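Quick notes on the structure that follows.
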């Protein structure tokens, strides 16, 4: 299984409430993990995000002070896989955004998002049609939302009959902010070597993932000709046979 991840930012500036964030955790499940499709069909990936029963509530609003999330974001820095992040501490949160990703695995695509046999595009819309970044969201423990994660589309015409799968998908909260070292003695953000204001540092938190062995699977079934197609094929064969007999008759004469 490849270890790369393909990610899609689904909100640029997303605000959350000041409720406790210490134990935010959910799970992702595929709503229809198994199905059969034709060789020209797209494979639509619908996902359910469920907040775990032992999770804190998640309140998703657009009018909250982002620095309410400072402690939570700094916990992510302290526990980051890269030791260089462990000693950092945000003093200001610039923005928070949602992100979705899937691990580049399985047989739908040849190189993460590109085929053959399929190409993948993120969608990230509620099944009601609303974009995830355009909603306010309040989830209590045990509550769920269903959304269209993305679509696998045949990349080079009809797909060969076979079974195709991919595995892990995830949903993250991403934090971008600045540490005390990012400011000069006048309290202004420092400049980079090109004279531009330095970019915010980013850290992510996995709110939910699918289980590593849980696959999204589609079996492509070869097209079966309609009865009318058989009739046309039979007519065509009859014409070919008649033409062959006429040619043979002419040769004998």
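Overview of values
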item	result
Yes/no for residue 179 being in contact (Cβ under 8 Å) with a residue 24 or more places away in the chain and within 14 Å of residue 92 (Cα to Cα)	yes
Scope region 86-106; condition at pLDDT 90 or above, touching a helix residue (DSSP H, G or I) at 6+ places or on another chain (Cβ under 7 Å) and in a strand (DSSP E or B); matching residues	90, 91, 92, 93
Residue 165 being out of contact with any helix residue (DSSP H, G or I) (no Cβ under 8 Å at 6 or more places or on another chain) and farther than 30 Å from residue 221 by Cβ	no
Strands (runs of 3 or more DSSP E) wholly inside region 28-85 that include at least 1 residues being within 16 Å of residue 139 (Cα to Cα) and either touching a strand residue (DSSP E or B) at 6+ places or on another chain (Cβ under 6 Å) or modelled with pLDDT of 90 or more (or both)	43-51, 58-61
Matching option when the condition is part of a loop (DSSP other than H, G, I, E, B), farther than 21 Å from residue 169 by Cβ and in contact with a strand residue (DSSP E or B) (Cβ under 6 Å, 6 or more places away or on another chain), among 116, 141	141
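The values are calculated or read from the model by the stated rules, or taken from the named source; none is laboratory data. Owing to the predicted nature of the structure, the values given are computational and were not obtained by experimental measurement. Reconstructed Cβ throughout: ideal geometry from the backbone, glycine too, with neighbour counts over all protein chains shown.
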